[in-house]
């Protein structure tokens, strides 16, 4: 679970795409100018926690970005509503990575 500082950093870095951003830019832009004026280095601790948890990655010069999402491999499964699953099956294509929800929430999550 992310705290408020980590959420601010996450949202800001998500808007930057795959570009690496310096800690000073993160501190300046993620929390707003008032937060930056009060504590210019407020983001350092949150960024380090996010790196430890694998949310962010750091480059050789100490700039940060969100870790890219892994490519969709064959082990990734996605939930689809039953009526959508029926339409997908009718198309004749293969959808092995689709989970169908039968109404029982606990058994649905156990199948993941």
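The values are calculated or read from the model by the stated rules, or taken from the named source; none is laboratory data. In this text, all values refer to a predicted model and were calculated from it rather than measured experimentally. Positions of Cβ are backbone-derived with ideal geometry, glycine not excepted, and every protein chain shown enters the neighbour counts.
Might you let me know whether segment 70-86 holds any residue that is under 30 Å from residue 22 (Cβ atoms) and either part of a helix (DSSP H, G or I) or at pLDDT 60 or above (or both)?
The answer is yes; a qualifying residue exists.
When only residues in segment 87-101 that are in a loop (DSSP other than H, G, I, E, B) and in contact with a helix residue (DSSP H, G or I) (Cβ under 7 Å, 6 or more places away or on another chain) count, which is modelled with the lowest pLDDT?
That would be 101.
Scan segment 46-69 for residues that are assigned to a helix (DSSP H, G or I) and touching a residue at least 24 places away in the same chain (Cβ under 8 Å) and report the count.
Count: 4.
If you take the residues in segment 20-38 that are assigned to a loop (DSSP other than H, G, I, E, B) and modelled with pLDDT under 95, which one is surrounded by the most Cβ atoms within 10 Å (Cβ to Cβ)?
Within segment 20-38, the match that is surrounded by the most Cβ atoms within 10 Å (Cβ to Cβ) is 31.
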